[in-house]
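Here is the structure we will look at.
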Amino acid sequence: MSMADSSLPAFWAVIPAAGVGSRMRADRPKQYLPIAGKTLLEHTFDCFLGHPRLLGLVVSLSNDDAYWPALLCAADNRIIRADGGAERATSVLNALMVLSEQGAAESDWVLVHDAARPNLHRVDLDRLLRASANDIVGGILAAPARDTLKRIGADGRIHATVDRSVIWQAFTPQMFRLGELQNCLADALAAGVAVTDEASAMEWAGYAPLLIEGRADNLKVTRPDDLEWLQRHWQNDRS
Ligand code: C5P
């Protein structure tokens, strides 16, 4: 392990992968779409598995997932399985429970990362780890809004221009302490709050997570043209 690596905190990775990704309009859940010789999910694992400070990785999978057993990584003993839930937050909570059962401490750092976000660069991962390591709450990768933002009305017309200087796009990984994240997610779900990422559960509980600027190309594959864009991007990067 290099000097730089030992300055980073140890961490667990949680990958919720129990969604169907209906906006991709594909024949399978988007995390199983092939690109550059592997599924999106395997590329996402690769962002973490070689990291010298990784303690372990948990993936949440749907009970009726027919694609997982066919992957080589299904036999990788560094990857721990958890059950998926009806919502992303439930899938994450199940993974956190498995981590506790594996002996993880309440104060351990957990990084939650989307299954279909395979272009996370090591420099961004390490920046998040370094910036959040000594923070009381934790933080997330994010990027300032680039375009002028408009608020739309029910009539399909612009009702206002929003001040973009205070708007950032939230990415993953999102890094929090295991115990606090578990409590906040469970409480927010019990209160019926819409929890679309881990930070929103922490915010609901009164915490103010750090925003750490990351690369704009840490994209979540959501629509068919995202996959085409990524394919071109990787071809250019690797040629
Ligand atoms: O649908 P979206 O792209 O926002 O999902 C974000 C992440 O949450 C994906 O990795 C998806 O597989 C996961 N998810 C999950 N369980 C659900 C819904 C989504 O693990 N019930």
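The values are calculated or read from the model by the stated rules, or taken from the named source; none is laboratory data. As the structure is a computational prediction, the values presented were derived from the model and not from experiment. Heads up, the Cβs are rebuilt from the backbone with ideal geometry, glycines too, and the neighbour counts pull from every protein chain shown.
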Check your understanding: If Val92 passes every condition in (1) under 17 Å from the mean Cα position of the chain (by Cα); (2) of a type in the set (A, V, I, L, M); (3) farther than 19 Å from Gly56 by Cα but one, which one does it miss?
Key -> (3)
**Study point:** The one condition in (1) in contact with a strand residue (DSSP E or B) (Cβ under 9 Å, 6 or more places away or on another chain); (2) near the ligand (Cβ under 10 Å from one of its atoms) that Gly56 fails to fulfil
**Key:** (2)
Review point. Conditions: (1) in contact (Cβ under 8 Å) with a residue 60 or more places away in the chain; (2) within 16 Å of the ligand (Cβ to nearest atom); (3) under 15 Å from Leu178 (Cα atoms). Leu120 meets all but one. Number of the miss?
Key: (3)
Revision key, fill the gap. Here the residues within region 196-216 that are hydrophobic (A, V, I, L, M, F, W, C) and outside any strand (DSSP E or B) are Ala199, Ala201, Met202, Trp204, Ala205, Ala208, Ala216
Check your understanding: Are there any pairs with C-beta distances below 7 angstrom linking a residue in region 59-86 that is more than 20 Å from Glu101 (Cα to Cα) to a residue that is among the β-branched types (Val, Ile, Thr) and outside any loop (DSSP other than H, G, I, E, B), with the two at least 6 apart or on different chains, and if so which?
Key -> Leu71/Thr39; Cys73/Ile79
Point to revise | Residue among Ala190, Ala216, Ala160 that is more than 16 Å from the ligand (Cβ to nearest atom), small (Gly, Ala, Ser), under 17 Å from Ala116 (Cα atoms) and surrounded by fewer than 16 Cβ atoms within 10 Å (Cβ to Cβ) | key: Ala216
Check your understanding: Counting residues that are surrounded by 16 or more Cβ atoms within 10 Å (Cβ to Cβ), touching a strand residue (DSSP E or B) at 6+ places or on another chain (Cβ under 7 Å) and modelled with pLDDT of 95 or more, which strands (runs of 3 or more DSSP E) fully inside region 61-157 reach at least 3?
Key -> 79-83, 109-112, 138-144
